[in-house]
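Worksheet for the structure shown next.
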Amino acid sequence: MGRIFEVRKSSMFARYDRMAKQFSRVGKEIAIAVKKGGPEPNTNPMLRRVMQNAKGFNMPKDRIEAAIKNAMGKDTSNYDEMLYEGYAPHGIAVLVVTATDNTTRTVANVRSHFNKGGGAPGNSGSVAFLFKHVGVFKLKSDGLNMDDMELELIDYGLEEVGEDSEGNIIVRCGFTDFGNMQKALEDKGITPVSAELEWIPLNTIEVTEEQSEDVFKMIDRLEADDDVQHVFHNMA
């Protein structure tokens, strides 16, 4: 019984850690959005996107409002988004999106994670060309038809529409069309489950199960860093 309890307790703490990481990530994204476009979601599409995502994983409304208020304060940290590039073990390309108030600390930490994880940090542009920067909208499929969505959204930068394993409709557009697509969905009364900017690999690399474990160990190191928002890779 004691062993089972310890496993369950460990699992519970892991969920809390993931939730705390998500809330921290959203708090930084809110700070960046408010800094760029102000505290009113009605006139700040970036802030609306972040708030929608926060609701998607059940971040309490009062915490969202508190994060917006904090972002307006004089003493709040100024976060900048930075992109770092490099390779994980076995030649897997990796992009690391960070939000930081101290670039010196962040670049040192990211380089350390690459090196200690058996990878190699790269210069700007050394890996990004292997990916495409896209907008990804996840929509509840209730009442929506993929063929209709394709026809209705083609003029707003739609590149691809599909379905995920949970039955949600996935809409992809180019990075520069993200705002147009967001507004088009809003005008149609569609509220996405999530709306993200992602780096999608142009081609993927096959590795063995053992090799994939090496890659994920390095990715886990990166994702555990407080400054890291997202990690993208081209492993199949």
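For segment 188-236, what does the alpha-carbon gyration tensor say about shape, rounded, prolate or oblate, given a ≥ b ≥ c as the root eigenvalues, a/c under 1.5 as rounded, and a/b over b/c as prolate? Here segment 188-236 falls in the oblate category. Were the residues from residue 58 through residue 216 laid out at 0.36 nm apart, the gain over their Cα-Cα distance would be 54.2 nm. Based on the convex hull around the alpha carbon atoms, segment 130-201 presents an average projected area of 4.5 nm². If R0 is taken as 22 Å, the Cβ-Cβ distance between residue 35 and residue 128 corresponds to a FRET efficiency of 0.35. Among the DSSP helices (H) of the chain, those spanning at least 27 angstrom by Cα along their long axis with an average Kyte-Doolittle hydropathy of -0.5 or more are 2-37; this is a geometric and hydropathy rule only.
Based on Cα contacts under 8 Å between residues 6+ apart, the chain shows a relative contact order of 22 percent. DSSP assigns beta bridges within the chain; of those with both partners inside it, close to 95 percent run antiparallel. Would the chain count as rounded, prolate or oblate if I go by the C-alpha gyration tensor, calling it rounded below 1.5 in a/c and otherwise prolate when a/b exceeds b/c, oblate otherwise? Cα axes put the chain in the rounded bin. Take the cross-link list 69/116; 61/188; 55/132; 69/217; 36/217; 69/140 and give me the ones stretching past 32 Å between alpha-carbons. Too far apart for the 32 Å limit: 69/116; 69/217; 36/217. When 100, 43, 191 are sorted by how many other C-beta atoms sit within 10 angstrom of their C-beta, beginning with the fewest, the order is 43, 191, 100.
Every number in this text was worked out from the coordinates using simple rules, so none of it is lab data. On a predicted model such as this, the values are computed, not experimentally measured, just so you know. Methodologically, a virtual Cβ is constructed for each residue, glycine included, from the backbone with ideal geometry; neighbour enumeration extends over all protein chains shown.
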